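First up is the structure itself, then whatever we jot down about it.
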Amino acid sequence: MPAPPSTVFALDERLEHMRQNCIECGVCVRECAFLRRYGTPWRIAGEWNSPRTERERLPFSCSLCGLCTTVCPLDLDPKALFLDMRRSAVREGLGHFPEHNRLVDYETRGTSSRYTWYGLPDGCDTVFFPGCTFPGTRPAVTRKLFTFLMSKVPNLGVVMDCCTKPSHDLGREQAFDERFSEMRDWLVKRGIRRVLVNCPNCYGVFEKNGGQIRPETVYEYLAANGVPENANLSGAVSVHDPCPLRDHPEAHKSVRTLLDRMGLEVKEMKHHGMNTVCCGEGGNVAPVDRQLATQWGNIRREESRGRTVVTYCAGCTAYLSSYVPAVHVLDLAFFPKQAAAGQAKISAAPLTYLNRLRLKAWFKRTIKAAHERVRPEKPSQS
Ligand code: SF4
Ligand code: SF4
């Protein structure tokens, strides 16, 4: 399919902007193994159109974590450049790795009529959006979380669907635009203006593409509403802030408030808050270049110094678990003793898919829906 001219122009413009403005100070390079391998953003931009450049592999080896963008003293945005390079590679037919098939299938299943369900009670303007990985791995926590939210938010609805971040990050613009806008437009037409998310990736997608729908994390909501009660934990932990929320200090603060309320002391790692690092899952680099993806877990192992690492993304928890004792803050909030003892109940595939189907049935029984649907297999105009 021919590329939209505006998008082609955007990459050319970004390449030129980087060539004109990057002074090769090396601040971003010091933070990132990908840049240490391929060179400064100035060099990468300058060589993008050279026949020697691996246009297929290079942008798919960047984790899209945004740390380079955060630390750049000149406010340049290398992350956006590498995402545009992915999109350009896909348009040229270069960005289709068999190693990505698993993730693409995951999104396809997540957006299928079998796994989706939208339930909106009368007067609903807010929905809970649990995402894919969290409800699959933690159905009991998902039920407890929704039950709590439902007791506080009048006419709360639910959307079980995939935010289609995989397509977004793999540079498959057309698939992302079609799938996400179909969901957003259906919700906007029915008066939805707020989405409560537990997944940082879903937050990022709604924040940039949600239009009239404003995302809010459940962490902020729980921190403001007195959860958890009576956890009575003790000891010191570190917090891994997920990179899609690096620019959201209110989310960082809320998670620390929850931990403090549980009785846990937070010892900060060097990279935290806005300067957090990727967990290793970002950009789906691991299947293509495991060596680069592992740089991040090694940083966490070193910085956490043997402490348990609390995070607030199901993907981060799974990835970091190969390097450090990692736990999701919602496991701690709703099953404190079990989770603190390293015994949180976390399902693995293929049980995760069965869990999602069971949750779908539970939501259908729990919500008195005035509007409901499953996602149509092909985008509709309704
Ligand atoms: S991996 Fe992260 S820090 Fe490195 S270039 Fe990509 S977005 Fe920037
Ligand atoms: S930090 Fe900014 S100016 Fe320095 S090398 Fe990186 S992109 Fe260039």
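Using the Kirkwood radius over Cα pairs, work out the Stokes-Einstein diffusion coefficient for the range 224-340 at 10 °C and 1.306 mPa s, in µm²/s as a whole number.
D, rounded to a whole number, is 111 µm²/s.
For the range 33-76 and the range 203-217, compute the distance between their C-alpha centroids and round to whole Å.
27
Multiplying the sequence separation of residue 343 and residue 301 by 0.36 nm and subtracting their Cα-Cα distance, what value in nm do you get? Working shown, then result.
Details: separation 42, 0.36 × 42 = 15.12 nm, distance 2.04 nm.
Length gained, residue 343 through residue 301: 13.1 nm.
Quick one: compute the contact order of the range 1-99, relative version, from alpha carbon pairs under 8 angstrom and 6+ residues apart, as a percent. Present the calculation step by step, with values, prior to reporting the outcome.
On the way: 91 pairs, mean separation 30.9, N = 99.
Relative contact order here is 31 percent.
Taking the range 9-44, which GluC sites (Glu not before Pro) meet the DSSP loop condition and have no more than 12 other C-beta atoms within 10 Å?
Values: sites: 13, 16, 24, 31; in loops: 24.
The qualifying sites are 24.
What residue among 241, 161, 289 has the largest mean-square fluctuation in a Gaussian network model of the chain, using Cα springs under 10 Å?
289
What dipole magnitude, in Debye to the nearest 20, does the chain give about its Cα centre under +1 on Lys/Arg Cβ and -1 on Asp/Glu Cβ?
Working: 52 positive and 41 negative charges, 256 e Å.
My answer is approximately 1240 debye.
Based only on the alpha carbon positions, what is the Kirkwood hydrodynamic radius of the range 310-361, in angstrom?
11.8
Taking the inverse of the average 1/r across all pairs of different Cα atoms in the chain, what Kirkwood radius in Å do you get?
When all Cα pairs of the chain are included, the Kirkwood radius is 21.6 Å.
Using a Förster radius of 51 Å, what is the FRET efficiency between residue 370 and residue 56 based on their Cβ-Cβ separation? Nearest 0.05, please.
Working: r = 49 Å, r/R0 = 0.95.
With R0 = 51 Å, the Cβ-Cβ based efficiency is 0.55.
Output the lone cysteines of the chain: those with no second cysteine's C-beta under 4.7 Å from their C-beta.
Lone cysteines by the Cβ rule: 22, 25, 32, 62, 72, 124, 132, 162.
Within the range 1-95, list the trypsin sites (Lys or Arg not before Pro) lying in a DSSP loop whose Cβ has at most 15 other Cβ atoms in a 10 Å radius.
On the way: sites: 14, 19, 30, 36, 37, 43, 52, 55, 57, 79, 86, 87, 91; in loops: 52, 55, 57.
Sites meeting the loop and neighbour criteria: 52, 57.
If you wrap a convex hull around the alpha carbons of the range 5-91, what volume per residue comes out, as a whole number of Å³?
Details: hull volume 7.5 nm³, N = 87.
Dividing the Cα hull volume of the range 5-91 by its residue count gives 86 Å³.
Rounded to the nearest 500, what is the 222 nm mean residue ellipticity of the chain from helices alone, with -39500 (n - 2.57) per DSSP H run of 4+ residues and division by all residues? Numbers along the way, then the final one.
Details: 19 runs with 185 residues, N = 382.
One gets -14000 deg cm²/dmol as the mean residue ellipticity at 222 nm.
Excluding same-chain residues fewer than 8 positions from residue 165, which lysines have a Cα within less than 23 Å of its Cα?
Those lysines meeting the cut-off are 79, 189, 208, 360, 378.
Need the list of lysines near residue 337 for cross-linking: C-alpha distance under 19 angstrom, and skip anything on the same chain fewer than eight residues off.
In chain and number order, the partners are 144, 345.
If you rank 25, 243 by how much accessible surface each has, with a 1.4 Å probe, what is the order from largest down?
Working: 25 60, 243 25 Å².
In descending accessible area the options line up as 25, 243.
Counting only protein heavy atoms and using a 1.4 Å probe, what share of the accessible area of the range 194-272 belongs to carbon plus sulfur, as a whole percent? Please list the in-between numbers first.
On the way: 1370 of 3130 Å².
Answer for the range 194-272: carbon and sulfur cover 44 percent of the accessible area.
What is the set of long-range amide H partners of residue 128 at a cut-off below 5 Å, with H atoms built 1.01 Å from backbone N?
157, 158, 159, 196
Treat every Asp and Glu Cβ in the range 1-121 as -1 and every Lys and Arg Cβ as +1, leave all other atoms uncharged, and give the resulting dipole magnitude about the Cα centre to the nearest 20 debye.
320
If you count only protein heavy atoms with a 1.4 Å probe, what accessible area per residue comes out for the range 224-340, rounded to a whole Å²? Walk me through the numbers before you get to the answer.
Working: 4670 Å² over 117 residues.
Per residue, the range 224-340 has an accessible area of 40 Å².
Considering only the other residues whose Cβ falls under 11 Å of the Cβ of residue 241, what net charge follows from Lys and Arg at +1 and Asp and Glu at -1? Could the numbers behind the result be given before it?
Details: positive: 246, 253, 256; negative: 247, 268.
Counting the neighbours of residue 241, the net charge comes to +1.
May I ask you to list the GluC sites (Glu not before Pro) in the range 241-300 that are in a DSSP loop and have at most 13 other Cβ atoms within 10 Å of their Cβ? Could the numbers behind the result be given before it?
Working: sites: 250, 265, 268, 281; in loops: 268, 281.
Listed in order of number, the matching sites are 268.
The values are calculated or read from the model by the stated rules, or taken from the named source; none is laboratory data. This structure is a prediction, so every number in the text was calculated from the model and none was measured. All Cβ positions, even for glycine, are placed from backbone atoms using ideal geometry, and neighbour counts span all protein chains on display. For the accessible areas, the whole protein counts, side chains as well, though only heavy atoms, and no ligand, DNA or RNA atoms are used. Shrake-Rupley method; radii C 1.70, N 1.55, O 1.52, S 1.80 Å.
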